[in-house]
1. Rounded to the nearest 0.05, what FRET efficiency do Ile109 and Val11 give with R0 = 30 Å and r taken as the Cβ-Cβ distance? Could you check?
2. Need the full-extension length gain, Val97 to Lys69, defined as separation in residues times 0.36 nm minus the C-alpha distance. One decimal, nm.
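All of the numbers you see were taken from the coordinates with simple rules; none came from a lab. What you are looking at is a predicted structure, and each value in this text was computed from that prediction instead of being measured. Heads up, the Cβs are rebuilt from the backbone with ideal geometry, glycines too, and the neighbour counts pull from every protein chain shown.
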Amino acid sequence: MSFRIFFYVVVAGFFADIFLNVFLGASICAFLVIAFLSKQAQHFLVFVRDKYPIIYFMPLFLAGLLVYKILIWLTGFVPHFYNFSFSISWKILWELVYNGAVAALVFWIYKKFLGAVVSGRQLSLFQ
């Protein structure tokens, strides 16, 4: 993992920890895990010239969001493991659909207006 990714993870995790009701450092650790997992997933993905790069983006985004939710949920049970139960509720499914739609829209805007500026197939963050 490069220093740039580590810096982005620390900054994003710090602000997420400030504005969310979680333990300090929980979001930083969750983002580190997600960055490592997405780096490993991109290592195994074969990027070919295609018309629809959103097919690569959306599963990685939704998986990262779900992993983040699960990791943050787990940090809430660290002090008392006896109250451990997990279920996927409609709220989590609605958040995945809502955030997926917003991410797809932002991805489309990025590709439409800024995609021509970037010459490579990947963002420099994950190279």
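1. Between Ile109 and Val11 the formula returns 0.85.
2. This chain segment gains 8.7 nm when fully extended.
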